[in-house]
Amino acid sequence: MTNLLMTDMTDEKLYGLCKQYGACALEARRKFMGLLPEVQRRHLYAKKGFGSVKEFAAKLAGVSEEQVRLVLRLERKFEDKPVLKIALTGGAISVNKLARVASIATTENQEHLAKMASLLPNRALEVFVRDVKEDTRTSLRCVRAMHVHSNPQQSLPDVNLLESMDTDLQKNLIERLKKGIDINQLIKELLQKHDEEIAVEKEELANGENGKVEHEKKASRYIPAKIRYHLQSEHGTKCTISTCEKSATTIHHTQRFALSQNHDPNFLAQLCREHHTIAHSIDRTYWEKRQM
Ligand SMILES: [Zn+2]
Ligand SMILES: [Zn+2]
């Protein structure tokens, strides 16, 4: 009987049921996990004939020992952070997400972190936490650099410049070097020229004829090819976030398109999937701080 009904079911119906029951199962699991610290405190497991809180969790809900340890550890860690503690014990946010933010949680940022953890999917949350850590490291480095006056030279990122340059170009530069031409100066001038060209082009695209025609015609969400090319010549193909090395997948409007109705390149950013998710979840000040 059941099998007959199952085979009659459309894919959409089957998928709908899976999603519905899955969501209920996850919610119930989060709530169950949230109760465990209190079960431990009261030794409720012993009163009810279980050997330990781990056995209690495994038998009642199939929760692993590792997850039990994690929830107990987090609850202690959130002792002075009531917002995160309530998110944990009330089952509003999963233990795994809370474990990610725990390493950067303070009494000041707990509210913001709880908001981000409930908004962002797991992978974007991981990137968000990494960015916050990177920010902390950068400001520490700045502080240290201020104390060390002697050598202002920055360390280079781990990129082999010569490897990415084709052989003809290398030969060409070596020949000039042999002739006594200052190739550092030469390249500096070329780069400066490139920057200037980009700045002029950006100005044109933002205010010039082209821009205006595009804007007046009909505000379309589609970003014109010349604006896409412009962004690539300025930012390359990678995510605009300075610490991120992923390829950009989306051009994001940093001013809401619905309000601005234009594609002014000053307010566009190429982002990877995770940073795009983050960009739509965070407040403006946080966002601006992380742009190049
Ligand atoms: Zn966007
Ligand atoms: Zn990114």
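Would you kindly state how much longer the chain becomes between Glu55 and Glu79 on full extension, computed as 0.36 nm times their sequence separation minus their alpha carbon distance, in nm to one decimal? Show your work: numbers first, answer last.
Working: separation 24, 0.36 × 24 = 8.64 nm, distance 2.47 nm.
Value of the extension gain: 6.2 nm.
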Simple spin-label model, 7 Å along Cα-to-Cβ: Asn184 to Glu108 in nm? 4.0
Which net charge results for the neighbourhood of Glu79, defined as the other residues with beta-carbon distances under 12 angstrom from its beta-carbon, given Lys and Arg at +1 and Asp and Glu at -1? +3
Please give, to one decimal in nm, the separation of the simple spin-label points placed at Lys47 and Cys24, each 7 Å out from Cα toward the Cβ. 2.9
Förster radius 30 Å - calculated FRET efficiency between Asn122 and Asn266 (Cβ-Cβ, nearest 0.05): 0.35
Using a basic spin-label model with each label point 7 Å from the Cα along Cα→Cβ, how many nm lie between Glu38 and Arg137? 4.0
What value in Å³ per residue do you get for the convex hull of the alpha-carbon atoms in the stretch 2-119? 120
Output the relative contact order of the stretch 2-119, whole-number percent, from Cα pairs under 8 angstrom with separation of 6+ residues. 24
Full-stretch length increase - Lys226, Thr167 - with 0.36 nm per residue and alpha-carbon distance subtracted: 18.2 nm
Based on other C-beta atoms within 10 Å, arrange Arg73, Arg100 from fewest to most. Arg73, Arg100
Note the full-extension length gain between Ser247 and Ile174 as 0.36 nm times their separation in residues minus their Cα-Cα distance, in nm to one decimal. 23.1 nm
For the residues Phe267, Phe78, what sequence is obtained by ranking on other C-beta atoms within 10 Å, fewest first? Phe267, Phe78
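Bear in mind these aren't lab numbers, they're just calculated from the coordinates by the rules spelled out. Values in this document were obtained by computation on a predicted structure and should not be read as measured data. Please note: Cβ atoms are built from the backbone with ideal geometry, for glycine as well, and neighbour counts cover all protein chains shown.
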